[in-house]
Amino acid sequence: MLRDKAYIEDILIMAKDAVSFIEGLSKEDFSKDLKTQYAVIRCLEVIGEAAKKVSDKTKMKYDIPWPQIAKMRDLLIHSYGKVDYTEVWITAKNDLPELIRILESK
């Protein structure tokens, strides 16, 4: 349980970082900013890795699409030459704030 708490905290930190990295940027700005793209992708990789390590018991406490989070991590790590930056943008802009909200509500 202690490890799960640490993994959840890692997810929260990385999600907040990714959201802060794109704050004030448009999708077009993001598409032209390689450093921000790489920073957000790294956050998503860490989120996915931590999500894989959260116990099933803890996962059941949250209405979170854990398999999709892990899958995105795998795609980013293993298909690095074929990253869909639009999907990265949508995830950071729409999904991460919701993930933060859910995790902070517990």
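Throughout, read-outs are computed from the coordinates displayed, never taken from laboratory work. Since the structure is predicted, the reported quantities are computational estimates derived from the model, not experimental observations. Here the Cβ positions follow ideal geometry from the backbone for every residue, glycine too, while neighbour counts run over all protein chains shown.
Within the set Lys35/Lys59; Lys71/Lys106; Lys71/Lys93; Lys5/Lys32, which residue pairs have Cα atoms separated by over 29 Å?
Working: Lys35/Lys59 32 Å; Lys71/Lys106 24 Å; Lys71/Lys93 18 Å; Lys5/Lys32 36 Å.
Listed pairs above 29 Å: Lys35/Lys59; Lys5/Lys32.
Kirkwood hydrodynamic radius, the chain, all distinct C-alpha pairs: what's the number in Å?
Working: mean 1/r = 0.0720 Å⁻¹.
One decimal place: 13.9 Å for the Kirkwood radius.
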Q: Please sort by residue number the GluC sites (Glu not before Pro) in the range 1-79 whose DSSP state is loop and whose Cβ has at most 16 other Cβ atoms within 10 Å.
A: Glu23
Q) Which FRET efficiency value, to the nearest 0.05, is calculated for Lys82 and Glu9 with the Förster distance at 35 angstrom and r the Cβ-Cβ distance? A) 0.65
Q. Could you work out the helix-only [θ] at 222 nm for the chain, with each DSSP H run of four or more residues adding -39,500 (n - 2.57) and the total divided by the number of residues, to the nearest 500 deg cm²/dmol?
A. -22500 deg cm²/dmol
Q: Could you work out the local net charge near Asp84, counting Lys and Arg as +1, Asp and Glu as -1, over the other residues with Cβ closer than 15 Å to its Cβ?
A: +1
Q | Crossing angle, helix 34-53 versus the chain [Cα axis fit, 0-90 degrees, rounded to tens] | A | 20
